[in-house]
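The values are calculated or read from the model by the stated rules, or taken from the named source; none is laboratory data. Small disclaimer: the values here were computed from a predicted structure and weren't measured. No Cβ is skipped: glycine too gets one built from the backbone with ideal geometry, and neighbour counts run over all protein chains shown. To get the accessible areas, we keep the full protein, side chains included, count just its heavy atoms, and leave off ligands, DNA and RNA. Shrake-Rupley method; radii C 1.70, N 1.55, O 1.52, S 1.80 Å.
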Amino acid sequence: QPVYLSDYQPPAYRVTHTELTFDLDPAATRVKARLLIERNNQADDKTPLVLDGEQLKLMSLAIDGTPLAESEYRLGDHGLEIHAVPASFCLESVVEIAPSENTALEGLYQSSGMYCTQCEAEGFRRITFYPDRPDVMATFTVTVIGDAQREPVLLANGNPVERGELEGGRHFVKWDDPHPKPCYLFALVAGDLHKVEDTFTTMSGRNVTLQIWVEKENLDKTEHAMASLKRSMTWDEQTYGREYDLDLFMIVAVNDFNMGAMENKGLNIFNSAAVLTHPDTATDAAFQNVEGIVAHEYFHNWSGNRVTCRDWFQLSLKEGFTVFRDQCFSADTNSAPVKRIEDVAFFRTAQFAEDAGPTAHPVRPDHYIEITNFYTLTIYEKGAEVVRMLCNLIGWEAFRRGADAYFERFDGQAVTIEDFVNCMADASGEDLGQFMRWYAQAGTPEIDAHGEYDYAHSEYHLTLRQRTPATPGQAQKQPLHIPVRMGLVGTKSGQDLTLTLAGETLGKDAVVHLRDDEQTFVFTDVAEAPVPSLLRDFSAPVKLHFPYSREELAFLLTHDSDGFNRWDAGQRLAMLALDDLIAAHRNGVEKVMDTRVTDAFKVLLTGAGASADKAVLAEMLTLPSEAYIAEQQPIVDVDAIHAAREFVRQSLAFALRDEFMAVVEANHTDEPYAPTPEQIAKRSLKNVALGYLMAIEDERAIAFCQEQLAAEHNMTDVRHALTLLVHSERDDLSRPALKAFGEKWAHDPLVMDQWFTIQVTKPQPDVLERVEFLMQHPAFSIRNPNKVRALVGAFAQNRINFHRLDGKGYALLADVVIELNRLNPEIAARLVTPLTRWQRFDETRQGLMRSQLERIKQEPLSSNVYEVVAKALA
Ligand code: ARG
Ligand code: ZN
């Protein structure tokens, strides 16, 4: 059942042009396809034509106008094989499909009454018989026929070339996309949509019309996405010299969508959560998320569409590169250090967990059962880290030359990761042979580092030892080429010292290259004892162990010239304190707060730190999350982690109550809301401080929250206040606020998602019953992926509630997975993830989690859920 990379064969037949006509109907849409097909050289007239097709009702089939007899082809559950075909011909087929019954949200489906498509990776085979693989690239002409009343707007890729009225109140629009594309980039949208329009002039002076299509009530929520789109277009011109290539660029918002968004050529389709914003309804985080996703999908026009993937094993070729591009865009547009801190904090929690679990896989997997299961943090985020390492390794200038060469050499082609890396090797002259292992080897490399200062010779000896733990199917690992960016911070001067290695002066901040299992770097002329600052800016996606003392960490926290490592030193310092408290909790010993953490926080709040970038400061005042702490423990003790973290939060709040209050007051403003970096920084700092004060239910903080709940046109502050009140022990505060909010926003699905999430992320132990109750709420629907994520997905992240010792949290998740397995396998397979991490917990919980996995496995499973569950139980 698995597909292997090593089995790749080029297609025997290619499609040069694809002509499609859709006659839309909820239960019986007719899809007529005319495919111009040519045989490739390596095939002969005995090579059958194999087309993919699923859940299609075949109505007719003809070659060059002659209908095929049943003996001339074989129809199966997964496609169609025509035994003999000419070297060049036109294949005509008519199929019927039922968009209204499509709950998987792959192929053509209906969302809030409108028609839309999702074809990546293999959804097109649910639309028509076709070689559904990315290395078959054709130009497309698409005619969409719909009801003039119900579907006044009919969209597809490219440019509209013809439109007209038809009998019976129907009408049509014909679209032409001149750029050859694989079918996964096909898109169609039809419905009662309304648009906001703008224009963009490209660097060569061409005018592009920009449209965002939404339901009427959302017309006032598109401004930020449009502004983000224009910024992205400018950024890609200035940074990569890449210009848009059609006269029209469209974005459509749909309510039911499995992922964030999709880069269909000229017609990007977005989850409404990833495009709609308004100060009244969206938080700062949502504004930034929208900006990043709009950019991501736009950047795919070159990294993905003009140059695409040969096969799905190469998925990270487009995703890793495009995530790297959108990360750089967001860093340039907002606070660069905060963007990096946020990305790395998330990466080290979620991707490291994936890399350590049963579904661990390399950035380029070598086999899969279900490709939709591989839209993962490893492919996307680790892939982006690998591209970032490449860029840092060869330098931006060479990287840019390599990117230019890549886009020129492979324009209009479907290529591989080697093709990309070879461009970088050619442009830089570097040998990237060993570096390629990053694409092939799963698991998170760990570096054990230790250093020694030799006073007598003024030398610093740094030893780095690397190892990558075994992952499923990969017992043996080879050493990787790991770039370690570093500095040596003088303990007397507090300054970065000049690094001299083997007689060569490298400057005060340099990259050392770890290629062997173990290497010792001897820095000479080190005038004073240093503290090493290692892996600056997270220069490689690895775990770094260095036996820092708390004093050294406190020193780096204030003296490291690298902003990222200052933050990281704070996280490490907090982790040491948390480790002690976790141990104390387990041993039933009284918990004592580490005053070095309190002192460090005091410095941040009042001393030197207070003048720092406020957004960075907010990050530095944020403790590692429970999920991150859990990642650091050999066996996760859910309760001890929660208790320890709460103890630290409360201790800090008691010790620094006035300091936190001063920060709240100093950063509160009545300026009208704008999602600017300055305002976002102030709000996040204020809200972090408010969070500490609410951990001890400070009366002034409660009053502040109640006032903030009424903030005008500022969902960031409202939501934060509501969360703090609902998560407090004060039912008298929580209930009325929650009720009022729920009633006020009952009409807005995206705000109701937030309302669900706030309730099920409470730290009190009664959340499970709440989830069950809310699943019956009229605003909830198991068919809407956003609702499932907001309610059930969020609950599974609520560690102390999900991991209840009676196993009811696990059972609830399994029930939902079983139901979704029938409706939407892709979402079901994602939702089951927390259960697959059972090895990380104590024996009781292991047993409970495994028995739910076993229960799921008894069901008739989709290949999606089967693949994940089977790996988890293997
Ligand atoms: N290519 C899209 C993006 O990253 C996501 C595709 C989602 N595919 C899927 N099967 N859910 O922008
Ligand atoms: Zn993408």
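Miscellaneous remarks
- Search result, residues across the range 558-591 that are touching a residue at least 12 places away in the same chain (Cβ under 8 Å) and not in a helix (DSSP H, G or I): Asp560, Ser561, Asp562, Lys591
- Any hit, the range 620-627, residues being assigned to a helix (DSSP H, G or I) and open to solvent by 40 Å² or more (accessible area, probe 1.4 Å): no
- Top-ranked residue in the range 115-129 [being in a strand (DSSP E or B) and open to solvent by less than 10 Å² (accessible area, probe 1.4 Å); ranked as farthest from ligand 2 (Cβ to nearest atom)]: Tyr115
- Hits in the range 293-312 (condition: more than 11 Å from ligand 1 (Cβ to nearest atom) and surrounded by fewer than 24 Cβ atoms within 10 Å (Cβ to Cβ)): Arg306, Val307, Arg310, Asp311
- Val832 being among the β-branched types (Val, Ile, Thr) and closer than 19 Å to Glu106 by Cβ: yes
- Top-ranked residue of the range 130-158 - restricted to ones that are more than 21 Å from Asn268 (Cβ to Cβ) and part of a loop (DSSP other than H, G, I, E, B), ranked as most open to solvent (accessible area, probe 1.4 Å): Gln149
- Search result, residues across the range 693-727 that are open to solvent by less than 10 Å² (accessible area, probe 1.4 Å) and not in a helix (DSSP H, G or I): Asp698
- Subset of the range 246-261 [within 16 Å of ligand 2 (Cβ to nearest atom) and either surrounded by fewer than 23 Cβ atoms within 10 Å (Cβ to Cβ) or of a type in the set (Val, Ile, Thr) (or both)]: Ile251, Asn258, Met259, Gly260
- Filter result for the condition that a residue is within 33 Å of the chain's Cα centre (by Cα) and closer than 27 Å to Ala644 by Cα, over Leu724, Leu733, Leu709: Leu724
- Residue count for the range 391-409, restricted to those that are out of contact with any strand residue (DSSP E or B) (no Cβ under 8 Å at 6 or more places or on another chain), closer than 9 Å to Met424 by Cα, open to solvent by less than 60 Å² (accessible area, probe 1.4 Å) and not β-branched (Val, Ile, Thr): 6.
- For the range 842-868, a residue qualifies if it is under 24 Å from Pro634 (Cβ atoms) and open to solvent by less than 10 Å² (accessible area, probe 1.4 Å), and the qualifying residues are Met849, Leu853.
- Any hit, the range 816-833, residues being assigned to a helix (DSSP H, G or I) and touching a Pro at 6+ places or on another chain (Cβ under 6 Å): yes
- Residue in the range 52-63 that is out of contact with any strand residue (DSSP E or B) (no Cβ under 7 Å at 6 or more places or on another chain), among the small types (Gly, Ala, Ser) and exposed (fewer than 15 other Cβ atoms within 10 Å of the Cβ) present: no
For every residue, the table says whether it meets (1) out of contact with any Cys (no Cβ under 7 Å at 6 or more places or on another chain); (2) under 21 Å from Ile818 (Cβ atoms); (3) modelled with pLDDT under 95.
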position	(1), (2), (3)
Ala721	no, no, no
His727	yes, no, no
Asp731	yes, no, yes
Met775	yes, yes, no
Gly793	yes, yes, no
Phe802	yes, yes, no
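- Residue tally, condition open to solvent by 20 Å² or more (accessible area, probe 1.4 Å) and closer than 23 Å to Ile629 by Cβ, over the range 794-814: 5
- Scope the range 535-554; condition surrounded by 18 or more Cβ atoms within 10 Å (Cβ to Cβ) and over 23 Å from Met389 (Cβ atoms); matching residues: Tyr548, Glu552, Leu553, Ala554
- Yes/no for Ile818 being in contact (Cβ under 8 Å) with a residue 40 or more places away in the chain and more than 16 Å from ligand 1 (Cβ to nearest atom): yes
- Among (1) in contact (Cβ under 8 Å) with a residue 60 or more places away in the chain; (2) surrounded by fewer than 19 Cβ atoms within 10 Å (Cβ to Cβ); (3) not basic (Lys, Arg), the one test that Tyr673 misses: (2)
- Residues of the range 267-304 that are more than 16 Å from ligand 2 (Cβ to nearest atom), touching a strand residue (DSSP E or B) at 6+ places or on another chain (Cβ under 7 Å) and in a loop (DSSP other than H, G, I, E, B): Leu276 alone.
- Considering the range 341-351, and only residues there that are open to solvent by less than 10 Å² (accessible area, probe 1.4 Å) and either touching a helix residue (DSSP H, G or I) at 6+ places or on another chain (Cβ under 6 Å) or within 14 Å of ligand 1 (Cβ to nearest atom) (or both), the residue that is farthest from Ser232 (Cα to Cα) turns out to be Gln351.
- Residue in the range 491-506 that is under 31 Å from the mean Cα position of the chain (by Cα), surrounded by fewer than 16 Cβ atoms within 10 Å (Cβ to Cβ) and modelled with pLDDT of 95 or more present: no
- Taking the range 197-225 as the range and being surrounded by 14 or more Cβ atoms within 10 Å (Cβ to Cβ), in a loop (DSSP other than H, G, I, E, B) and more than 25 Å from the chain's Cα centre (by Cα) as the test, the residues that pass are Thr202, Met203, Glu215.
- Checked against (1) free of Cβ contacts under 8 Å to residues at least 60 places away in the same chain; (2) within 16 Å of ligand 1 (Cβ to nearest atom), Leu105 passes all but a single condition, namely (1).
- Qualifying residue in the range 679-692 (condition: among the β-branched types (Val, Ile, Thr), surrounded by 20 or more Cβ atoms within 10 Å (Cβ to Cβ) and under 26 Å from the mean Cα position of the chain (by Cα)): yes
- In the range 275-291, the count of residues that are within 13 Å of ligand 1 (Cβ to nearest atom) and buried (at least 24 other Cβ atoms within 10 Å of the Cβ) is one or more.
- Residues located in the range 815-841, provided they are within 28 Å of Arg586 (Cα to Cα), open to solvent by 10 Å² or more (accessible area, probe 1.4 Å) and β-branched (Val, Ile, Thr): Thr833
- Unique match (being surrounded by fewer than 22 Cβ atoms within 10 Å (Cβ to Cβ), without any contact (Cβ under 8 Å) to a residue 24 or more places away in the chain and at positive phi) among Gly169, Gly76: Gly169
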